[in-house]
Amino acid sequence: MFALQSAPPSLGPPAVTFVVLLVVGVVVGAVGSAVARRLSNPVSKYRLLYVGVLFPYALLAYGALALLGLGGAVSAALGVGAPVATHLADFVTLLAAGVVGLGAYGPTVRGVCAVRDIDLSTATALRQMARFVVGMSVLVTVAIAPLQGGGVGPFELVGVFAVLLVVGVGGAPWLIPLIRSTTDLDSETRDRLATLRERAGLDVRDAVALDTDDAETANVHVRGPPGYRRLFVTTTFLDRFDDATATALLAIQAGHVRTHLLAARIATVILAAVPLVAAVAGARRRWLLLGAALLVTVVGFWYTRRCIRRADDVAAERVDADAVADALERYADVHGMDPSRRRVPNPLSTNVPLGDRIDRLRTRASENSVAQG
């Protein structure tokens, strides 16, 4: 992302490193997929594989390629002059890391399709993911362009990162359609969605349908600032869920908006970054600062889990606790998941296990029934 040396490196070493990282990524993806398929609740294990292994590996690849100057070498080989060369170098490095991530992702597609019993070709999955990778590489390159002027200290970098994060999340209603495949909603579906949103108490400006017929992911999210919140709903969500289930899941999204779940997650990342950067930058009492970063992270993650439970309560008040529990069970069934449960909460998790949420809602419904009886 930043120039590490005045003279551009030769293309050979970073190119060889890219090939090695790509090959290793394919192996990591294949081995991880083989392991995930043999574990209990394999769909959840695949999600852990993506978040806990493949994504960090892509970040590692980015760091290695940036240190070796792959982007600068490509810019020099193409004879591109400043300032375009700097931005081209950023884009090439980001794209190369994304390709490494695609290489690791590719071997997992058949395994996911097998455990979910869906018909999605590897070529189609890679094509869809490649659009996402290219789009994100462009967006990140544009976002970090102001940092290329030099003279940016660690704390200024945190400030710029915070601004970019907030702007990126706030601009999601316009950015997501650029990197995801969308489809037009007919008038009947729009009317249905409007009715379901009203029942769920979800106030948004409009709705966009994401095309997921091949992947069969039935998700729904609300993104955007107050006054321009946009509902993103997948085509599978509209096809596989009846009105009662869809209403309950939309009510949970209304709860997320009311409890400011997304804002809590953003605030946690930004607040934890300040002491962490100070520690890395060599400030005094480094271990105290690292402890502060960990404390902020643990407290922030606890608060986001609390927001999720409160959002479930909001939905339960709107459409009944049993209906929300039924909807979550139906959601798990559509995605081929067994709702997971934990005896001891994970302090470093931003989510509440789905099974724990269902059990909590069932208990609430039972208590309400006893109180009313």
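For the reader, a short list of remarks on this structure follows.
- Residues in the range 280-294 that are more than 22 Å from Pro347 (Cα to Cα) and without any contact (Cβ under 8 Å) to a residue 24 or more places away in the chain were compared, and the one that is most open to solvent (accessible area, probe 1.4 Å) is Arg284.
- Helices (runs of 4 or more DSSP H) wholly inside the range 55-124 that include at least 2 residues being out of contact with any strand residue (DSSP E or B) (no Cβ under 7 Å at 6 or more places or on another chain) and at pLDDT below 90: 70-78, 84-105
- In the set (1) open to solvent by 30 Å² or more (accessible area, probe 1.4 Å); (2) within 22 Å of Ser349 (Cα to Cα), the condition left unmet by Cys307 is number (1).
- Scanning the range 93-114 for residues that are of a type in the set (Ser, Thr, Tyr), surrounded by 21 or more Cβ atoms within 10 Å (Cβ to Cβ) and more than 26 Å from Leu139 (Cα to Cα) turns up at least one hit.
- Here Thr259 passes the criteria (1) under 19 Å from Ala332 (Cβ atoms); (2) open to solvent by less than 10 Å² (accessible area, probe 1.4 Å) except the one numbered (1).
- Taken over the range 49-76, the criterion of being open to solvent by 40 Å² or more (accessible area, probe 1.4 Å) and over 20 Å from the mean Cα position of the chain (by Cα) is satisfied by Leu67, Leu68, Ala76.
- Every condition in (1) within 30 Å of Thr108 (Cβ to Cβ); (2) open to solvent by 20 Å² or more (accessible area, probe 1.4 Å); (3) modelled with pLDDT of 80 or more holds for Gly135 except the one numbered (2).
- Scanning the range 22-48 for residues that are open to solvent by 20 Å² or more (accessible area, probe 1.4 Å) and either at pLDDT 95 or above or not polar (S, T, N, Q) (or both) yields a count of 17.
- Any hit, the range 286-303, residues being charged (D, E, K, R) and at pLDDT below 95: yes
- The range 202-215 - residue that is touching an Asp or Glu at 6+ places or on another chain (Cβ under 9 Å) and assigned to a loop (DSSP other than H, G, I, E, B) and, of those, surrounded by the fewest Cβ atoms within 10 Å (Cβ to Cβ): Asp213
- Residue within the range 152-169 that is more than 22 Å from Ala279 (Cβ to Cβ), of a type outside the set (A, V, I, L, M, F, W, C), open to solvent by 50 Å² or more (accessible area, probe 1.4 Å) and modelled with pLDDT of 70 or more present: no
- Scanning the range 321-344 for residues that are farther than 24 Å from Gly201 by Cβ, open to solvent by less than 80 Å² (accessible area, probe 1.4 Å) and not hydroxyl-bearing (Ser, Thr, Tyr) gives His335, Gly336, Met337, Pro339.
- Test: Leu262 is farther than 21 Å from Tyr303 by Cα and in contact (Cβ under 8 Å) with a residue 12 or more places away in the chain: no
- Restricting attention to the range 178-201 and to residues that are within 25 Å of the chain's Cα centre (by Cα) and open to solvent by less than 20 Å² (accessible area, probe 1.4 Å), the residue that is farthest from Val133 (Cα to Cα) turns out to be Ala200.
The values are calculated or read from the model by the stated rules, or taken from the named source; none is laboratory data. These numbers come from a predicted model, not from an experiment. In this analysis, Cβ positions are derived from the backbone assuming ideal geometry, glycine residues included, and neighbour counts consider all displayed protein chains. Quick note on the areas: whole protein, heavy atoms, side chains included, nothing else; ligands and nucleic acids left out. Shrake-Rupley method; radii C 1.70, N 1.55, O 1.52, S 1.80 Å.
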